[in-house]
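S.K.: Okay, here's the structure, questions in a sec.
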């Protein structure tokens, strides 16, 4: 299941850096969008070393621009202190103005959150897959787990009956 989920987040021909598996567990994903991310040189080098944490990050719309908050990119291993970067700074996301305005309207109207799903390199450029998500309650998560377990048990029963072990 985890492999198919990773393939869904990262397009063909892209090199995965990080995925946010908790986002699909905690949110109902309504829409996704691939955006660029504005980075500094040492941040790109740190991404190539996979020194990044997506888990607690989210995006906001501020003055008709998308900003990523809470993304932690660790220091590059070969950089000196003067040439490094601030690990937890806000980073600008690059998308078309019409898409940003459409998503901002949905976030305000439907009380949604913009969460990152995956960070990857595509054609040498850092890309971020973001999604509009509606938060799930604890009961919704329990229901999904129970449904997944029931489906798994049904598949096992079917495979046992086909193999003739019953």
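The values are calculated or read from the model by the stated rules, or taken from the named source; none is laboratory data. Computed from a prediction, not measured in an experiment: that's the story for all the values here. Here the Cβ is made from the backbone with ideal geometry for all residues, glycine too, and neighbour counts use every protein chain on show.
S.K.: Out of 89, 160, 141, I need the residue that is within 19 Å of the chain's Cα centre (by Cα) and over 20 Å from residue 30 (Cβ atoms). Which one?
M.R.: Going through 89, 160, 141 in turn, just one is within 19 Å of the chain's Cα centre (by Cα) and over 20 Å from residue 30 (Cβ atoms): 89.
S.K.: Write out, first by first residue and then by second, each pair whose Cβ atoms fall under 7 Å of each other, whose residues are 6+ apart or on separate chains, and whose first residue, in the range 144-166, is not assigned by TED's automatic domain parsing to the domain that holds residue 27 while the second is surrounded by 10 or more Cβ atoms within 10 Å (Cβ to Cβ) and part of a helix (DSSP H, G or I).
M.R.: Final answer for the pair search is 166/160.
S.K.: For the range 118-130, indicate whether the set of residues that are closer than 30 Å to residue 45 by Cα, in a helix (DSSP H, G or I) and modelled with pLDDT under 90 is non-empty.
M.R.: Among the residues of the range 118-130, not one is closer than 30 Å to residue 45 by Cα, in a helix (DSSP H, G or I) and modelled with pLDDT under 90, which makes the answer no.
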